[in-house]
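Here the structure comes first, spelled out in structure tokens, and everything after it is commentary.
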Amino acid sequence: MDQETQQPIVIDPTSVTPYVMLDTAAELFEIKGRSSPEVSINFYSPIYDYLENAQFKQSGGDFTANFALEYFNTSSTKCLLGILKRLAGFQEKGKTVIVNWYYEEDDEDVLEIGEDLSYFVDIEFNFIPIESEEEDYY
């Protein structure tokens, strides 16, 4: 698949699935909201496929991934790890992957899960606290 045919993915949020935007041309992945679908892998499979087939016009440069989830269930956590492992593979394509992990400053659970996930991949993580009332933080 060449770069011209790989269109960005944009998934609008629902009450149980997050907003997702994935665009290799912009070298950007964003996920925001709540992730608690009954069968998480069904939601995340198209994202996996896109990441596995990602093409870049040039090697080098940064690929940024913004994670801003206020809640996610256990099966979503496993899927997030799957995304992170696929993003780590971008480094073999010459990209430097940077993860910005946003969490509400008083939500230690989301912070700790992000810290736990960071141990499984060789990617730079930035843990960024936000105030609870902030809506657009990336």
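The values are calculated or read from the model by the stated rules, or taken from the named source; none is laboratory data. This structure is a prediction, so every number in the text was calculated from the model and none was measured. Cβ sites come from the backbone with ideal geometry, for glycine too, and all protein chains shown count toward neighbours. Heavy atoms of the whole protein, side chains included, go into the accessibility calculation; ligands, DNA and RNA do not. Shrake-Rupley method; radii C 1.70, N 1.55, O 1.52, S 1.80 Å.
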Next item on the list: Starting at the first residue of the stretch 121-131, write each ³J(HN,Hα) from the Karplus equation 6.51 cos²θ - 1.76 cosθ + 1.60 with θ = phi - 60°, in whole Hz, x for Gly and Pro.
Entry: 9, 9, 10, 6, 10, 10, 9, 10, x, 10, 6
Next item on the list: With a 1.4 Å probe and every protein chain left in place, work out the accessible area per residue of the chain in Å², rounded to a whole number.
Entry: 53 Å²
Check: Rounded to the nearest 500 deg cm²/dmol, what is the calculated helix-only ellipticity per residue at 222 nm for the chain, with -39500 (n - 2.57) per DSSP H run of length n ≥ 4?
Finding: -9000 deg cm²/dmol
Notebook entry, point to check: Once you mark the GluC sites (Glu not before Pro) that are in a DSSP loop and have at most 16 other Cβ atoms within 10 Å, what is the longest gap between them in the chain?
Noted result: 39-104
Notebook entry, point to check: To the nearest 20 debye, what charge dipole does the stretch 46-109 have about its Cα centre, counting +1 at the Cβ of each Lys and Arg and -1 at the Cβ of each Asp and Glu?
Noted result: 700 debye
Next item on the list: Select from P129, P18, Q55 the residue farthest towards the positive end of the dipole of the chain; place +1 on Cβ of Lys and Arg, -1 on Cβ of Asp and Glu, and compute about the Cα centre.
Entry: Q55
Checklist line | Residue-wise HN-Hα coupling along the stretch 47-64, computed from phi with Karplus coefficients 6.51, -1.76, 1.60 (Hz; x: Gly, Pro) | finding: 5, 4, 4, 4, 5, 5, 9, 4, 10, 10, 5, 8, 7, x, x, 9, 10, 9
Note to self: Nothing charged except the Cβ atoms of Lys and Arg (+1) and of Asp and Glu (-1): what's the magnitude of the dipole of the stretch 72-132 about its Cα centre? Round to the nearest 20 debye.
What the structure shows: 740 debye
Next item on the list: Taking the Cα centre of the chain as origin, work out the dipole magnitude from +1 charges on Lys and Arg Cβ and -1 charges on Asp and Glu Cβ, in debye rounded to 20.
Entry: 880 debye
Item checked: Carbon + sulfur, % of accessible area of the chain - ligands and nucleic acids excluded, 1.4 Å -> 45 percent
Checklist line | Solvent-accessible ranking of K95, K85, K32, K78, largest area first, probe 1.4 Å | finding: K78, K85, K32, K95
